[in-house]
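Here is the structure we will look at.
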Amino acid sequence: MKIDDFPENVRDHILPKVEGQLLYRCLGCGLEQGIEKLLYTCPECGKILLIYDKKFDRLKKNPGKMWRQIFDYRKMINISALKGIYRYHEFIGSAIPLDDIIYLGEAHTPMIEANALMQEKAGLRFFFKNDGQNPSASFKDRGMASALSYINHLVKKGQIDDVLAICASTGDTSAAAALYSAYLKPHVKSAVLLPHKKVTAQQLSQPLGSGARVFEIPGVFDDCMKVVESLSDRYNVALLNSKNAWRILGQESYSYEIAQDFEYDLSKKVVVVPIGNAGNISAIMNGFLKFLDIGIINVLPKIIGVQSEHANPVYKYYLEPDVSKRKFLPVTVKPSVAQAAMIGNPVSMPRVIQLANHYNQTAGHESVFVVQVTEKQIMDWELTANRNGHISCPHGGECLAGIIVAKQSGIVDSDDVAILDSTAHALKFAGFQDMYFSRTFPEVYEISYNDDLINLPVLIKPRDLKKIPESGKPLTGEEFQEFVNRVAQEIADILELKKV
Ligand SMILES: *Cc1c(COP(=O)(O)O)cnc(C)c1O
Ligand SMILES: [Zn+2]
């Protein structure tokens with residue numbers, strides 16, 4: 001639809017302008033700094049930052065209803081820059097001109113309602129939001145679109161060039177970082193650090209395919225992160241981990257989409273996300289808070305963060321009911337099928353503490369919860385979901401396991417509606433499904449198998465046939481016909497098919 005065809009009252013608002021005043025704000029000492037430089041930690045106290053808009057209140061001059069119309073109409077405009085996370089430009093990166101925005105097909109991922117069978121099993125209505133349908137097959141593309149759009153903006157302004165973007169990763173961050181950096185060739189190059197043998201083959205293939213320099217180091221993600229931090233402290237590199245506040249900003253789009261998909265009515269809604277480095281849950285809380293502040297939504301949904309028993313520092317922190325006694329302690333992680341969330345010392349923990357506190361206060365009652373699930377629950381629920389038409393990754397399974405635990409413990413009711421984040425595509429983690437089906441999980445995962453969930457291919461290779469097709473040697477004539485008949489017969493027998 002063309003601008004002139006939009007109703008007059010929204011026409012002027014369809015194309016966002018460069019507005020507002022974005023600043024980095026330190027979560028420790030409150031120091032505010034301009035965004036001209038790429039900054040990851042506070043130069044005064046070393047704590048992490050969030051980006052906020054000092055002129056945010058200007059957005060209140062439009063009533064909530066008007067904003068809802070603007071976003072709904074923007075769905076119809078054919079401008080690349082507004083097709084992804086920047087449909088919500090005023091809330092995500094109002095400093096970036098449309099011309100500088102990088103759009104690779106991210107965001108506006110489908111929300112798929114579970115079938116009746118699944119809803120009965122779970123005891124409530126729920127949807128999967130398939131963030132695996134992003135370009136690099138995980139939600140990380142949301143934050144990367146934001147971070148790399150801003151880097152592109154700085155490149156275009158001539159403020160930086162020849163950037164080396166660097167990140168540590170449990171797999172998906174590096175896939176996204178390498179993809180978006182590759183698009184900005186030759187101005188941006190990328191290097192990624194992965195824990196050796198702790199990312200899946202598919203995840204490793206992604207940054208390699210995008211042309212990033214890939215370094216594997218011994219240890220787990222937390223070790224890689226320390227090396228990357230050391231590099232970014234000493235050398236001139238752009239850090240793309242979620243320590244980078246631009247990433248958090250982009251990931252807020254997830255909340256805005258949920259709001260829009262439910263016609264901005266979030267009463268009785270529960271948003272369920274896995275927690276690893278805790279960037280995503282921070283972004284989601286901040287997103288809903290911003291929409292509430294401007295009156296685009298009227299209630300805050302409940303938020304449930306889920307962790308595996310094998311990587312549960314955030315869960316442990318919230319176990320202590322007395323707020324004044326809570327103390328954050330990193331944990332040593334054990335192998336987890338929710339591999340992208342296998343993090344013992346989440347970088348964004350200070351953001352979670354501050355935002356969850358603010359969220360609960362704003363809601364007027366406890367609205368942010370963290371639950372813990374077992375490795376077996378994660379696998380069983382992932383497999384069950386996928387047997388019912390989903391394409392959930394283990395982290396999506398973790399969310400489903402989490403909502404069931406939450407329901408049992410009374411955190412949610414049967415008339416709540418849950419939105420579960422399948423944070424990546426099932427295919428990235430096909431190896432865990434393989435290990436389950438072939439009963440070959442190493443013991444450390446503490447997986448026991450549910451026979452009903454195992455599915456294996458059946459090889460049909462009739463032994464008594466003289467000839468079977470071999471590569472380069474196809475069968476012909478009678479031999480071929482005999483082969484086809486025999487194989488068809490065996491399949492029909494196994495499936496107990498009835499003759500027509
Ligand atoms: C990064 C990641 C997570 C964890 O998200 P955080 O923002 O680090 O808490 C969960 N699932 C997948 C698939 C991921 O890539
Ligand atoms: Zn500070």
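Some notes on this structure:
- At the listed q of 0.13, 0.15 Å⁻¹, the Debye profile of segment 139-250, built from one uniform point per Cα, gives log10 I(q)/I(0) equal to -0.41, -0.56.
- Cβ-Cβ FRET estimate between residue 293 and residue 5, R0 fixed at 35 Å, reported to 0.05: 0.65
- Of the solvent-accessible surface of segment 139-250, computed with a 1.4 Å probe and all protein chains present, 54% belongs to carbon and sulfur.
- Per residue convex hull volume, Cα atoms of segment 222-300, in Å³: 89
- For segment 267-420, the Kirkwood radius over C-alpha pairs fed into Stokes-Einstein at 25 °C and 0.890 mPa s yields D = 156 µm² per second.
- Among the protein heavy atoms, those of residue 482 account for about 100 Å² of accessible surface (1.4 Å probe, every chain in place).
- The accessible-area ordering, largest first, of the residues 264, 73 stands as 73, 264, per a 1.4 angstrom probe.
- Computed over segment 384-465, Kirkwood Rh from alpha-carbon pairs, angstrom: 15.1
- Largest to smallest in accessible area, the residues 351, 25 fall in the order 25, 351 (1.4 Å probe, all protein chains included).
- Each listed q (0.17, 0.22 Å⁻¹) maps to a log10 I(q)/I(0) for segment 458-500, found by the Debye formula over equal Cα scatterers with no solvent: -0.51, -0.77.
- Net charge of Cβ neighbours under 9 Å - reference residue 460; Lys, Arg +1; Asp, Glu -1: +1
- Angle of helix 172-183 to the longest C-alpha principal axis of the chain, folded into 0 to 90 degrees and rounded to 10: 70°.
- Solvent-accessible surface (1.4 angstrom probe) belonging to residue 117, in square angstrom, nearest 10: 110
- Of 486, 58, 125, the order by accessible heavy-atom surface (1.4 Å probe, DNA, RNA and ligands excluded), from most exposed downward, is 125, 486, 58.
- For the chain: relative contact order, % (alpha-carbon pairs under 8 angstrom, 6 or more apart): 14
- For residue 66 and residue 265, the FRET efficiency from 1/(1 + (r/R0)^6), where r spans their Cβ atoms and R0 equals 22 Å, is about 0.80.
- Checked against a 24 Å cut-off, the cross-linked pairs 198/226; 37/65; 197/226; 121/269; 17/157; 198/302 give Cα-Cα distances beyond that limit for 37/65; 198/302.
- Calculated FRET efficiency, residue 120 to residue 470, Cβ-Cβ distance, R0 = 45 Å: about 0.40 to the nearest 0.05.
- Based on protein heavy atoms only, segment 367-443 ends up with 32 Å² per residue of surface accessible to a 1.4 Å probe.
- Basic side chains Lys and Arg get +1 at the Cβ, acidic Asp and Glu get -1 at the Cβ, and with that the dipole of segment 139-250 about its Cα centre reaches some 200 debye.
- Filtered trypsin sites (Lys or Arg not before Pro), segment 370-450: DSSP coil and at most 13 other beta carbons within 10 Å: 387, 439
- Formal net charge of residues neighbouring residue 485 (Cβ-Cβ distance under 12 Å; K, R +1; D, E -1): -3
- With N the number of residues in the chain, Rg(Cα) / (2.2 N^0.38 Å) evaluates to 1.05.
- P(r) for segment 127-191, from all Cα pairs and a bin width of 10 Å, is 23, 50, 21, 5, 1 %, short bins first.
- Listed pairs 129/461; 60/327; 140/290 exceeding 32 Å between Cα atoms: 129/461; 60/327
- Computed over neighbours whose Cβ is under 13 Å from that of residue 206, the net charge equals 0, Lys and Arg +1, Asp and Glu -1.
The values are calculated or read from the model by the stated rules, or taken from the named source; none is laboratory data. Treat the numbers as computed from the prediction; the structure is a model and nothing was measured. Glycine also receives a Cβ, built like all others from the backbone with ideal geometry; neighbour counts cover every protein chain displayed. In case anyone asks, the SASA skips ligands and DNA or RNA and just uses the protein heavy atoms, side chains included. Shrake-Rupley method; radii C 1.70, N 1.55, O 1.52, S 1.80 Å.
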